[in-house]
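To keep things clear, I will list the structure first and then write my remarks on it.
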């Protein structure tokens, strides 16, 4: 988390349109789910088809089990944003056509075969390649997706730090405050305006 920066709306659009090749649908689904749900990369990679697919369609909420959560205290459910849902629908359809048609298969399958998700390092490579192709400056990591979500939720909730804490699944408000440290530019602007 330390040092990674959030994405702007324009950067989210650029990155989501950058993915190409055999795994473009997987990579786009991972990215959009990351910026639209606020799950940590390890939580995203733990998802199995059964966690997002129910009754023959994508579920309205994504659930990450307690065993896959940081701290392992409790699981967390997040409503599925329409953009992330659309990307997941495309990717799940492709997964099923490749024979990954069990609810037990990982959503973000590794190209190495078997039932294994991509690694955190591979997720970082995917994201950084897209960022480099768009010549994005600053420190970008997989946590940039979560920071993007944090900033958007904080703004949409009228700068309510307590509800933002809940949206991120934090147990301590101080952790949420650290996520929003990039709001320093607002403080700087306020100081310059007085």
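What follows draws every value from the coordinates through simple rules; no lab data is involved. Only a predicted model underlies this, so the values are computations on that prediction, with no experimental measurement involved. Because the Cβ atoms are built from the backbone with ideal geometry, glycine has one as well, and the counts that use them run over all protein chains shown.
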Taking the Cα centre of each part, how many Å lie between the range 82-121 and the range 129-194? 28
Calculated Kirkwood radius over Cα pairs in Å (choose from [x] 19.1; [y] 16.9; [z] 17.4), label: [z]
I need the peptides 46-55, 126-135 ranked by packing, meaning the mean over residues of other C-beta atoms within 10 angstrom, with the highest value on top. 46-55, 126-135
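Taking R0 as 35 Å, what FRET efficiency do you get between residue 103 and residue 166 from their Cβ-Cβ distance, rounded to the nearest 0.05?
The pair residue 103/residue 166 has a calculated efficiency of 0.80.
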Rounded, prolate or oblate: pick one for the range 132-194, where a ≥ b ≥ c are the square roots of the eigenvalues of its C-alpha gyration tensor, a/c under 1.5 means rounded, and failing that, prolate if a/b is larger than b/c, else oblate. oblate
Using 1/(1 + (r/R0)^6) with R0 = 25 angstrom and r between the beta carbons of residue 115 and residue 77, what's the FRET efficiency to the nearest 0.05? 0.60
Neighbouring Cβ atoms within 10 Å as the yardstick, rank 35, 64 fewest first. 64, 35
Measure off 7 Å from each Cα along the Cα-to-Cβ vector at residue 128 and residue 86, then give the distance between these two points in nanometres to one decimal. 3.1
Tilt of helix 82-97 relative to the longest C-alpha principal axis of the chain, in degrees (0 to 90, nearest 10)? 20
Per the helix-only calculation at 222 nm, which mean residue ellipticity applies to the chain, given -39500 (n - 2.57) for every DSSP H run of n ≥ 4 and division by its residues, nearest 500 deg cm²/dmol? -15500 deg cm²/dmol
Round to the nearest 10 and give me the degree value, 0 to 90, for the angle of helix 120-133's Cα axis relative to the longest principal axis of the chain. 70
Modelling each spin label as a point 7 Å along the Cα-to-Cβ direction, I'd like the residue 173/residue 61 distance in nm, to one decimal. 2.5
